[in-house]
Amino acid sequence: MRNQMRKFLLIGMIGLIAASAPALGQEKPAAAEGQPLILMRDPPWQPEDEPEADENRPLIETRTDESGNTVKIDRSGHSAVLCSWALYMSAQIATTVCKKPRTPTDDAIDQAIVDIDQFIIANSSEHPTQADLDKLKSRMMGDTSPEQIEKYCSQPDLTIDTIRSTSPDKVRANVKHLLAIPREPVMNPCL
C-alpha cells in the first residue's frame, strides 16, 4: 500500500509539469508589455552553467517550504531530470499536435524522452512503470478538441521554439550530461 501511495505521489508530482509547460486548452504565459518573455537559459540546461556538485552535499536536497510542502531539489550539477523531461515532452507534444514539420532535432528529442523514461524507471524511489509514464504522457495532451488545438497552435511559444532550434547533437549532449549521475529524478530547480 505504501509503495502504491508513493507511486501515486510521483505521478502527481510529475503531473505538475503542466505548470512548466501548458497543456492544450491552457493559456501560455505572456511577457509584460515591451518586455521579452524569457523562460529558460539558452537552449535548455547548459552544462557549463551548472555549479559543480559539492562532494559534501547530497545530490538531492529535501526542503520544506513555507506551506509545509516537501520539495526535493537536484544539487548534482546535472539539472533536474523531471524538469528536462517535461520540457522535451512539451516540445514533442507541440510538434505532434501542431503538425510542425519534423526535423532531425525532433528525432533527438524523441530519443531523449525514451532515455529519460528509462532513467526515471531505474532511479525513482517511487518505482513507476513504463505504463505509468505512458498514462501520464497521455494526460499531458490535455484537451485535444480541434478548437483547442487551433488556439494552442496559433500562439507562439518561445520555450518550444528554443528547444526545437537546438541542434540534435546538443540535445544528445544535454541528455548525456543530464543522465550521467544516477540519482532520484526530481522537478526542481526548473526554469
Can you tell me how many residues within segment 70-105 are touching a Pro at 6+ places or on another chain (Cβ under 9 Å) and among the charged types (D, E, K, R)?
2
Which members of segment 77-103 meet the condition of being more than 17 Å from the chain's Cα centre (by Cα) and either closer than 25 Å to Ser124 by Cα or not in a loop (DSSP other than H, G, I, E, B) (or both)?
Val97
Looking for something over 17 Å from the mean Cα position of the chain (by Cα) and farther than 17 Å from Cys190 by Cβ - is there at least one such residue anywhere in segment 131-140?
yes
Name, by its number, the condition in (1) loosely packed, with under 12 Cβ neighbours inside 10 Å; (2) touching a strand residue (DSSP E or B) at 6+ places or on another chain (Cβ under 8 Å); (3) not aliphatic (A, V, I, L, M) that does not hold for Ser154.
(2)
Where Leu191 falls short, out of the listed (1) at pLDDT below 95; (2) surrounded by 15 or more Cβ atoms within 10 Å (Cβ to Cβ); (3) in a helix (DSSP H, G or I); (4) not basic (Lys, Arg)
(3)
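The values are calculated or read from the model by the stated rules, or taken from the named source; none is laboratory data. All values reported here derive from a predicted model rather than from experimental measurement. Here the Cβ is made from the backbone with ideal geometry for all residues, glycine too, and neighbour counts use every protein chain on show.
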